[in-house]
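Worksheet: the structure to be examined is printed underneath.
The values are calculated or read from the model by the stated rules, or taken from the named source; none is laboratory data. All values reported here derive from a predicted model rather than from experimental measurement. Cβ placement follows ideal geometry from the backbone for every residue including glycine, while neighbour counts extend to all protein chains displayed.
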């Protein structure tokens, strides 16, 4: 059970504090309620661009990293379709340094042409390296546009087009910042060897004077129910053929979410999973195969993807995957198999909770989706999943009309 205190500043900033006296360290984590799904479809990639811009210095502090490193700290950030998260860890006695740095860039990020050009170049190079020049790098761009027709999950966090970041103007960047990077659109979590009263004082001192922004009312288009199987053929200079299938699934609030998560484990959770056992070990059709989902807040995608062994036809590989999927719909799982993946999931959750960094990020995420206390209910929700519920979930998800398939062929294949 993760204990925490919660309070809110007058400007709307939510603050959560979790004390752990067993460590000399502290974590300061700021989650902004903005992700790639909040972007203008004609100006994508801004949330990820901002992740980089936030390290470009503020009006008062030219270099973010240098004073943090002097205080014995380290930091990083990540962007998803749903959120943007910044975090740093440092000795608890130096925690005010983190408050100073984070509050200053929230209040007065430096919008210099030089910083924009430097970070624009970094992001564009990342786009080219990972999504244009890398083998299979465009696969998820193509799959997302195939699977989604309206919801903004149809583009990746890097952006739908390189041109959107290349052409971003200073005015557009400033508009994005002042819309989303405001105290009332953020959650501050502090974990480690700290006291709530001390954190209250620091939060009021450093974040209290920052003006609240205009409340953001998210009103995203709802993805309509898919009515037929969709597919796309791709031929590229890659070493081997790849098969990628996705099915629409419920989001983080869906009653079937935990059963769906366990379903991915049964099918693709390591070397003892069904897909690995049958399609790699026994039938030797794939050189690698995986099954997962993205854990998105809104309805997302259930994924099975793998690279084929040389000489195996795409049709044979597809048929084999669908046979394993069909078994999930027609055969109730053995209780031991389900308990095994529940135990594995429980171990993963417990292991993650050992780190004050992970605790901070989990508290922030669960607060974002409704209440940080929800993180303490996760184990019981997994433990309540039955074999019959997993089968029912499989029947709902694995309908052929709900499937999207990317046939990614090597140029050297027949």
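Data for the structure
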read-out: Qualifying residue in the stretch 383-398 (condition: assigned to a helix (DSSP H, G or I) and touching a strand residue (DSSP E or B) at 6+ places or on another chain (Cβ under 6 Å)); value: yes
read-out: Hits in the stretch 227-246 (condition: assigned to a loop (DSSP other than H, G, I, E, B) and either touching a strand residue (DSSP E or B) at 6+ places or on another chain (Cβ under 6 Å) or within 21 Å of residue 268 (Cβ to Cβ) (or both)); value: 229, 238, 240, 241
read-out: Residues of the stretch 149-162 satisfying the condition of being under 9 Å from residue 43 (Cα atoms) and over 15 Å from the mean Cα position of the chain (by Cα); value: 160, 161
read-out: Filter result for the condition that a residue is in a loop (DSSP other than H, G, I, E, B) and within 25 Å of residue 326 (Cβ to Cβ), over 255, 217, 265, 277; value: 255
read-out: Qualifying position, being farther than 28 Å from residue 29 by Cα and modelled with pLDDT of 95 or more, among 144, 182; value: 144
read-out: Meets criteria (out of contact with any strand residue (DSSP E or B) (no Cβ under 8 Å at 6 or more places or on another chain), at pLDDT 95 or above and in the same structural domain as residue 401 (by TED's automatic domain parsing)) for residue 270; value: no
read-out: Hits in the stretch 248-271 - residues which are within 27 Å of residue 410 (Cβ to Cβ) and crowded, with 24+ Cβ neighbours inside 10 Å; value: 267
read-out: Some residue of the stretch 299-322 being in a loop (DSSP other than H, G, I, E, B) and in contact with a helix residue (DSSP H, G or I) (Cβ under 8 Å, 6 or more places away or on another chain); value: yes
read-out: Residue match in the stretch 334-352 (condition: in a helix (DSSP H, G or I) and either touching a strand residue (DSSP E or B) at 6+ places or on another chain (Cβ under 9 Å) or outside the structural domain of residue 268 (by TED's automatic domain parsing) (or both)); value: no
read-out: Residue list for the stretch 1-17, restricted to those being in contact with a helix residue (DSSP H, G or I) (Cβ under 8 Å, 6 or more places away or on another chain) and not in a loop (DSSP other than H, G, I, E, B); value: 5, 6, 7, 14, 15, 16, 17
